[in-house]
Every structure is written in C-alpha cells, then in structure tokens.
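K.L.:
So that we are looking at the same thing, I have put the structure below in structure tokens.
The values are calculated or read from the model by the stated rules, or taken from the named source; none is laboratory data. In this text the structure is predicted, and so the values were computed from the model without any measurement. Here the Cβ is made from the backbone with ideal geometry for all residues, glycine too, and neighbour counts use every protein chain on show. When the accessible area is computed, the model is the full protein with side chains, heavy atoms only, and any ligands, DNA or RNA have been set aside. Shrake-Rupley method; radii C 1.70, N 1.55, O 1.52, S 1.80 Å.
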Amino acid sequence: AVDALVIFTPSGKRGRFALGTPVLTAARQLGVDLDSVCGGRGICSKCQITPGYGEFSKHGVTVEADALSEWNAVEDRYKRIRGLIDGRRLGCQAKVMGDIVIDVPPESQVHKQVIRKSATDRHIEMDPATRSYYVEVDEPDMHEPTGDFERLLRALKAQWNIEGVETDLSVLRRLQPVLRKGEWKATVVLNKGNHDAQHRLLDIHPGYHEAPLYGLAVDLGSTTIAGHLCDLADGKVLASSGLMNPQIRFGEDLMSRVSYAMMNPGGDIEMTKAVREALNALALSIAQEAGVEPGAIYEMVIVCNPVMHHLLMGIDPVELGQAPFALATSGALSMDAQELDLGNLNRKARVYVLPCIAGHVGADAAAVALSEEPQKSDDMVLIVDVGTNAEILLGNTTRVLACSSPTGPAFEGAQISSGQRAAPGAIERIEIDPVTKEPRFRVIGSDLWSDDAGFEAATSGTGITGICGSGIIEAVAEMRMAGLIDQSGLIGSPDQTGTPRSEPFGRTFSYVLHDATATGGPKISVTQGDIRAIQLAKAALYAGSKLLMDTMGVEKVDRVTLAGAFGAHISPKHAMVLGMIPDVPLDHVRSAGNAAGTGARIALLNRAARDQIEGLVHNIHKVETAIEPKFQEHFVNASAIPNAVEPFPELGQ
Ligand code: FES
C-alpha cells in the first residue's frame, strides 16, 4: 500500500494519508485538535499522542505494532531530558506507516476543557486570545533588502499560516537583538481578541521560550477586589487573592462615591488612581504568591459594576448618579493595560472588560449570566450575586431579567460592630439553643465548634476576631429562631429573653456571642445597629428579587442560586429564615461561589465566550430598581423578619 487509514480519537476524524506523513500533519489536515507551539520541530512536546495497537472493531481496523515509524533521535533526546509518559509519542516526529488509531490525550488538545475542581465548577473550553508561536526566521541577506520584522511576518505566514500582525515601537526596538541572540529562532506571543482583525505582537523571546503565559481574571467589587491568576494554556488557576477596594475611603457604597465625584472637583480622578493602583498591587501580589513573573501576565479580564467601570476607565461617573443613568458606553472594551496605568503586567498586556447591561446593571451581572447561563435553564431560576451592590437575574430559556440592588456593605462585614472580612478567626457558623439561648459557633480556620473539646487550642493561633458576612446572617437568623429578636428585628431585654447574654447597649440591647474581655480579648456582640444593617441589606436583596418576579409575572421561582464571594458560604436555611431570598424548597437553593469571578475567568480563557456574552446582554431585559415605586413597597415589607406580608410556607410559616 502507498497510503494508510488514520483514525483519531476521541474526535473520530479519519482520512487516508501517504505512508511517511507525520501524525501532526495528518491531524492538521483533518482539523484534529492537536497542539503545537514549535510547529513540528520536536521542541515543545505539546503534540504528544498515544498510538493504539490491536483490533479496533468499532473502526474496522487492525493496527500492527509498527504502524508508526521507529522511535527517532528527537524523541529519544526529548524523553531523556524531559521525560515522556510510556507509550506516548511526539506527533510531529512519528510518521504514519500503516492503518492506525491515534488517541489525542486531553493535555495535547488546544481546546482542552479546564479541569473542574468541584461539581459546581463550570466547564470551560480553552480558546485563549493570547498564545505563543515558535518561528524560524530567514537570516538577512544583502541582496534581498527586507527588514527583520518583514522576515518574521513571512515566517509566521509560512510556518503558522498567520497573516496580519501589528506591533509597535516598544517591541520593534527589541526585535533585532532578540532575533540575533536566538540565532534567528524566536518565540512570539500573539494576541487576537474577539473583535480584532489582526494579531498583535505582544512579546518576542530568543529561541524556543518555554515559559507559560498568564492571565488575570478580576472581579472588581465596590468593597473587595478578587483576582484569579490563570495559566493561559490549560486554564489552571495558580493563585487567587483579594484586597479591599481602596475607594472605600471615598464612600462605602456606589452612590456615595458618585456623590464624592460630584462634590469634589477632581474626586473622580483620585478614585480612578486609587483603583488602578489597587489592581496593579493585586497583579504583583498574586504573581508573587504563585511564584511567577508579573511581566508574564499578558491579559486581564475585568468585571465590575457600572460605577467601578467608569471610575476604572477614568470616565466621570456623574451621569450614573441621576436618571436616566446613561453609561458612557455599554459595550465590551479592549485596551492596552498601559492605558489603565497597569504597569506591573507585561508592558504590552491587553485588558478586556465585559459589556454592561444597563446604567445600574454592570459587567459583573453580565459575568454572572455568562457563568450561570439562566438563558439555558428550563426552570425559572433566580440568581442573586450578593455583594455591596447585589446583581440579581431571573429567567429561563424564554426570557431573562436583571436588576441591581443597593444592599450596602453589611453582608461583607462592614457596618457591623464586630464585622470583618472572611479570614481565619472570623465566626462563620452559629447555632443558638432555643431553650438556653446559649450560642455555639465555628470560626474560619477550624472545624471544631466552640463547645467541642480542643476548640481553644485549635483557635489559639488566630484567636476569635469578629464575625464575617455569612456569620452575621446566621447570627441574626438564629436569634430570630431562638426568640431573641421579634419580627421587627428588635432585640429583647434580659427579662424578655431570659438570658443575661442580652445586655443593655445604649438605649437598646445587644446579644453577646463571645466575651474574652477577662483575658484581654474582644467582646463580640450582635447589636441592634447590626440587626438594622442586615435588615436593610436583606430587604434590598429581597425587594430586587420580588420586583423581577413581578415583572416576569411569577409568584414563585423554581430554583435559587446564591452567588458572590461569600455566596458559597451562606446557609440556605438561614438566608430564608431572614427572608433574604423568596420562598422555595431548601434543596432548590444552591451556591455558585463567585459567579462573577467565574464569568471573568471564562471570558479570559475563551474568546467565543466574549462573543456569547456580548450577544446575550442585548437580550437581558433590565429592571430599574431606583425609580420603581413597587421596589419601595417590597423593601418596607421585607424589612421584617422574614417578611411583613409574604408567606414562607417552606419554612412552615
Ligand atoms: Fe512541538 Fe511536536 S509540535 S514537539
């Protein structure tokens, strides 16, 4: 025979190829997803395949052991230096010598799926905008007067079929020494965003440059900024970390920051500077945590609410503070990181910002939609992203509605007397005995309850420092269930509650959760002010959800998804006892973790997802809470615990 049948798994693609055709070449011709950075030169090892031997009745072929060419010197060298799993071959070296079935393992696929860490983790298919390509460039020749850059372009066209590459002076200045140092071999980093007609040359390294490329997915919230550092080749999250949004010193919530900009000339510029410095600091610290060079961060995807969006871009947010709440632009944005003064990233790094839905419903809500996909749900699903500003989505395959609701920072531990960020030492779980009114609790960093033996020893390192967002929700709900507060949220006196833990606090009472003052430690109480702050926050959340349900014309939802940085930690039962979320069977409430952050990660790793969300935002109908009279009515009713008018049959009420 002069040719042979080649079948690739798992794709099932097949074709006949002349004997001696490299497997990589066959894969490319059939459109099989087989990775390569070095273009088949035996350098990168991205092209690993596993040949199958034996009978493949499903495919009707029998494979002889020698259906591939002999193991060659390049593979030998590769295996010696770097190791190669037994049975693996380099697809660019092994040639087809007979009928064969060839398996492409997941690691060798460009469009591989990101490995999921948990069942709730989303599938993400890799299709990053930034990739490396190894090229061999012709040396200059006096008789053929072309520039080094033009010969680089020619090599990219010939070796990668890539046309249309733009660059700028900062890269051109480094081009000549790099090409000569690499003896006319180089690895280029190219970026092509979903709107770009051309590739951008972001970076160039001499020779074959192995170092991975990184991207940073950022959820820029009013109170906290959370980042995930991802490997752009396999999507792995190398480090996640967060910091407080330094704009807090200009106002705790969004509207107070808009007012700050209105009242103080240049106030918006100060806030722009503060948030950019914070993003820069985050990039540096997260890179250090992962042990990588911040200069290897080539992309950043940011999701945020409209006010954060405008302040980050350096656009005065004043129009967002008044009806009709016009955005400067609602479209997705791409720009150079340098335009945002993000000097800690690679000097040519690109930034993509998801589109906004409307003046009060931002790119963070779009990111939640991208991650949770309400438009694909048959059930009517309510998605609540809890933060200082809550993003709420309601919908199913027929229609999706969105609103945002100003919950304030209470759920993030701010405005709470003993509130703190979720960190070791913070109380996160609470139970109160309905008879004795005695509390027991758990703190972040230990699995023990406060009445377990060994609790003190287990928490001696961190101490017990305060209450985090999920802790305060449980505290208030447990206080209600134990009869320490009434439906209006008022804390009873020691006489009314029958416990000395209820103690006078100004003209009201507070409930003492933990008192370590005797040993110089803190006293952690839930005050009347704390309860009020939680009531306002949860009422805003509920009113927003209810307004969407009104607009949708539904009395009940089928499912509730709690999202947000601490959404994953909220106990559904306590959220419902408080009346934070509408009545629904408890097992129909699920946590989605940081859905906005996940949405940012999806957009970072997959270009098609950017197109998808840009299309989807046009079909999400936004409901404006600020001008809707019904919102006020729902808000007032929802200030009671759980609610002054709405029934909660699932709670037995
Ligand atoms: Fe790079 Fe095979 S394609 S080693």
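K.L.:
Tally the residues that are farther than 23 Å from VAL589 by Cα, within 17 Å of the chain's Cα centre (by Cα) and β-branched (Val, Ile, Thr), restricting the search to the range 338-395.
P.N.:
Total satisfying the criteria: 2.
K.L.:
While we're on this one: State which residue is surrounded by the fewest Cβ atoms within 10 Å (Cβ to Cβ) when the search covers only the range 107-126 and only residues that are of a type in the set (D, E, K, R) and at pLDDT below 85.
P.N.:
Filtering first and then ranking leaves LYS117.
K.L.:
Go through SER545, SER510 for me and flag whichever is open to solvent by less than 40 Å² (accessible area, probe 1.4 Å) and in the same structural domain as ALA426 (by TED's automatic domain parsing).
P.N.:
SER510
K.L.:
For the range 47-106, give me each residue that is at pLDDT below 85 and either polar (S, T, N, Q) or touching a Pro at 6+ places or on another chain (Cβ under 8 Å) (or both).
P.N.:
Passing the criteria: SER57, THR62, VAL63.
K.L.:
With the requirement that a residue be under 11 Å from THR50 (Cα atoms) and either crowded, with 21+ Cβ neighbours inside 10 Å or within 12 Å of the ligand (Cβ to nearest atom) (or both), what does the range 86-95 give you?
P.N.:
Answer for the range 86-95, where residues must be under 11 Å from THR50 (Cα atoms) and either crowded, with 21+ Cβ neighbours inside 10 Å or within 12 Å of the ligand (Cβ to nearest atom) (or both): ARG88, ARG89, LEU90, GLY91, ALA94.
K.L.:
Given (1) open to solvent by 10 Å² or more (accessible area, probe 1.4 Å); (2) in contact with a strand residue (DSSP E or B) (Cβ under 6 Å, 6 or more places away or on another chain); (3) under 17 Å from LEU536 (Cα atoms); (4) at pLDDT 90 or above, identify the lone condition not met by SER418.
P.N.:
The one condition SER418 does not meet is (3).
K.L.:
Checking the conditions here, which among ALA326, ALA349, ALA337, ALA358 is farther than 28 Å from VAL557 by Cβ and open to solvent by 10 Å² or more (accessible area, probe 1.4 Å)?
P.N.:
From the options ALA326, ALA349, ALA337, ALA358, the qualifying one is ALA326.
K.L.:
Looking only at strands (runs of 3 or more DSSP E) that fall completely inside the range 5-85, which ones have 3 or more residues that are open to solvent by less than 50 Å² (accessible area, probe 1.4 Å) and within 16 Å of the ligand (Cβ to nearest atom)?
P.N.:
Qualifying strands (runs of 3 or more DSSP E): 48-52.
Per-residue answers, yes or no, for (1) assigned to a strand (DSSP E or B); (2) open to solvent by 50 Å² or more (accessible area, probe 1.4 Å):
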site: PHE149; (1), (2): no, no
site: ALA155; (1), (2): no, no
site: ALA158; (1), (2): no, yes
site: ILE162; (1), (2): no, no
site: ARG174; (1), (2): no, yes
site: PRO177; (1), (2): no, yes
site: VAL188; (1), (2): yes, no
site: GLY193; (1), (2): no, no
site: LEU201; (1), (2): yes, no
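K.L.:
Right, next: Among the residues of the range 572-588, write down those that are open to solvent by less than 20 Å² (accessible area, probe 1.4 Å) and not in a helix (DSSP H, G or I).
P.N.:
GLY579, MET580, ILE581, PRO582, ASP583, VAL584
K.L.:
Within the set of pairs 6+ apart or on separate chains, which have a first residue in the range 322-347 that is under 17 Å from ARG610 (Cβ atoms), a second that is charged (D, E, K, R) and not in a loop (DSSP other than H, G, I, E, B), and C-beta atoms under 6 Å apart?
P.N.:
Pairs that qualify, where the first residue is under 17 Å from ARG610 (Cβ atoms) and the partner is charged (D, E, K, R) and not in a loop (DSSP other than H, G, I, E, B), are ALA332/GLU614.
K.L.:
Within the range 513-537, which residues are open to solvent by less than 30 Å² (accessible area, probe 1.4 Å) and hydrophobic (A, V, I, L, M, F, W, C)?
P.N.:
LEU513, ALA516, ILE524, VAL526, ILE531, ALA533, ILE534, ALA537
K.L.:
How many residues does the range 421-459 contain that are open to solvent by 60 Å² or more (accessible area, probe 1.4 Å) and among the hydrophobic types (A, V, I, L, M, F, W, C)?
P.N.:
Adding up the residues that qualify gives 4.
K.L.:
Which condition breaks for ASN643 when tested against (1) open to solvent by less than 20 Å² (accessible area, probe 1.4 Å); (2) touching a strand residue (DSSP E or B) at 6+ places or on another chain (Cβ under 7 Å); (3) not in a helix (DSSP H, G or I)?
P.N.:
Only one criterion is unmet by ASN643, namely (2).
K.L.:
Right, next: Are any residues in the range 524-553 touching a His at 6+ places or on another chain (Cβ under 8 Å) and closer than 23 Å to VAL443 by Cα, and if so, which ones?
P.N.:
Hit for the range 524-553 is ILE524, nothing else.
K.L.:
Could you check how many residues of the range 460-491 are out of contact with any helix residue (DSSP H, G or I) (no Cβ under 7 Å at 6 or more places or on another chain) and open to solvent by less than 10 Å² (accessible area, probe 1.4 Å)?
P.N.:
Counting residues in the range 460-491 that are out of contact with any helix residue (DSSP H, G or I) (no Cβ under 7 Å at 6 or more places or on another chain) and open to solvent by less than 10 Å² (accessible area, probe 1.4 Å) gives 6.
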